[in-house]
Each structure stands twice: as C-alpha cells, then as structure tokens.
Amino acid sequence: MKNRLKVLRAERDWTQAQLAAELEVSRQTINAIEKGKFDPSLPLAFKVARLFKMSIEDIFEG
Amino acid sequence: MNQLKTDSDGWQAKQKRNTARLGYWTAAWVLTMAIANFGPRFAWESNELISALAILVNLGIGFGMIVANKRHLKGLDELQQKIQLEAMGLSLGVGLVVGLAYSNLDVVNLISFDAEISHLVILMGLTYSFSVFAAQRRYR
C-alpha cells in the first residue's frame, strides 16, 4: 500500500525514531510502512491520521 | 518537532524491560534444567527426593518463563507480532511434520540411532531463528 508517511514526517522534520515513539511502535515498523513493505492495522492507521491531523485516505492510498 | 515523545519511559522502555524479564526467566530455566539434569550425576548422587524437587523447581520456573514470554509478545508492536507469529507457526509446523517423520524413521529402524527429543528442540530452535532472521531482513 502506498502512503505519504515519509513526506509528511519530513515536512515536520521528525525522525523515524521520534515518530515511532509517538505511535508506540518500533522504528523498524515505521520504516517498513514508509517503504510499503508492511500495511498498518486500522487502529494504527487511525493513530497516524490523528497525529498528522489528517484523514486516513489523505495518508494511505488503497 | 519538540512536542513529540522522547520515549524515556514509554513503549520502547517498557518493551526493553519485558525483553530483559524474559531473558532472566529463560536463563533461570536453562540453569535449573542443567541442575535437574546433571545434579543426580555430579551433585547429589541420585537422591530421588532432591531430583524430584529439582525437576519441580525447573517446571515452576518454566511456567514463569511462559508467562514472561506471553507478556513480551503482547508488548510487541503489530509488525513484530507478525514476525513472531510467522516464526512460531513455521517452527511448530516443521517440528510436527519433520519430528514425526523422524520418529517414524526410528520406529521402522531406518536410522541406526535413537530419535531424541533434543534433536527436535534443536530443529525447532533453528527454524524459529532462521524465520525471525529472514523476516527481519524482509522488513528492514
């Protein structure tokens, strides 16, 4: 699944480790999501959307 | 940026504590296993009461290790849980299928040595380790 996580994170000047700590996941998980290797669960996708104050559809593409 | 957590006492710190706790329980289990196994030969000269106590202690610590492992797994994030699930499923499947085939080889005398349970444990350990290693590389 494609997503804009890396771009959104870079716009805010956040590191993967900082984003991981905020979302309570490992840095490896952030990296895997950004590279499209792992699709997050719906609860995690909601958490990401809340953090960036955006809708899930604006971050993740089907 | 500064409003983000630094995780000094957050999820990652908790996960480290869970991992360390699992490590202590595992070390204690291995140690009591060695004591229960070698004790009768080298320490208490086959005293049955002490041997039974040593096995009971090992069993009790083993259950503690299982609880610590469950807590560790529940504390992982969803990708890590997925990796663990795949590895455990693969090692269980390989252990069952290859283990029973190996046992059959012994039953019908196609191998000249006894099929030991330790061989199965080694096979499952190697399968689990390989699976975790492969998944870690896949999601790197």
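So how far apart, in nm, are the two label points at A:PHE46 and B:ASP114 if each is 7 Å from Cα heading toward Cβ?
Going from the A:PHE46 label point to the B:ASP114 one covers 5.6 nm.
Using a 10 Å cut-off on Cβ to Cβ distances, tally the other chain neighbours for every residue of A:22-30 and report the average as a whole number.
Counting other chains' Cβ atoms within 10 Å and averaging over A:22-30 gives 6.
Once amide H atoms are placed 1.01 Å from N in the peptide plane, what residues at a sequence separation of 5 or more from A:ASN3, or on another chain, have their amide H within under 5 Å of its amide H?
A:GLU61
Once Rh for the stretch B:10-75 is found with the Kirkwood sum over Cα pairs, what is the Stokes-Einstein diffusion coefficient at 25 °C and 0.890 mPa s, in µm²/s?
191
Compute the separation of the alpha-carbon centres of the stretch B:27-72 and the stretch A:6-62 and state it in Å as a whole number.
45
Kirkwood hydrodynamic radius, chain A, all distinct C-alpha pairs: what's the number in Å?
Computed over chain A, the radius equals 11.3 Å.
R0 = 30 Å: FRET efficiency of B:VAL67 with A:GLU11, Cβ-based, nearest 0.05?
0.10
Using +1 at the C-beta of Lys and Arg and -1 at the C-beta of Asp and Glu, which of B:GLY125, B:GLN15, B:LEU90 has the Cα lying farthest in the positive direction of the dipole of the protein assembly as shown?
B:GLN15
Arrange the peptides B:109-121, B:45-57 so that the one whose residues have, on average, the most other Cβ atoms within 10 Å appears first.
Answer by packing, highest mean first, reads B:45-57, B:109-121.
Helix-only estimate, please: 222 nm mean residue ellipticity of chain A, summing -39500 (n - 2.57) across DSSP H runs of length 4 or more and dividing by its residues, to the nearest 500. Can you show the working numbers first?
Working: 5 runs with 38 residues, N = 62.
Roughly -16000 deg cm²/dmol at 222 nm, from the helical runs in chain A.
To the nearest 10 degrees, how steep is helix B:48-75 against the longest Cα principal axis of chain B, on a 0 to 90 scale?
Long axis of B:48-75 versus the principal axis of chain B: about 30 degrees.
What Rg and what Dmax come out for the protein assembly as shown when only alpha-carbon atoms are used, in angstroms?
Calculated on Cα positions, Rg and Dmax stand at 23.0, 71 Å.
Inside 10 Å of the C-beta atoms of A:7-16, what's the mean count of C-beta atoms belonging to other chains? Mind dumping the intermediate values first?
Numbers: counts 0, 0, 0, 0, 0, 2, 1, 2, 2, 0.
Across A:7-16, the average partner-chain Cβ count within 10 Å equals 1.
If contacts are Cα pairs under 8 angstrom and at least 6 residues apart, what is the relative contact order of chain B in percent? The partial results should precede the final answer.
Working: 81 pairs, mean separation 31.3, N = 140.
That works out to 22 percent.
Partner chain Cβ atoms within 10 Å, averaged over the residues of A:40-53 - can you pull that number for me?
1
What span do the alpha-carbon atoms of the stretch B:55-140 cover on each of the three principal axes, reported in whole Å from largest to smallest?
Here the spans come out as 47, 38, 14 Å, largest first.
The numbers here are math on the coordinates, done by the rules we state, and not lab data. What you are looking at is a predicted structure, and each value in this text was computed from that prediction instead of being measured. A quick note on method: Cβ atoms are made from the backbone with ideal geometry, for glycine too, and the neighbour counts reach across all protein chains shown.
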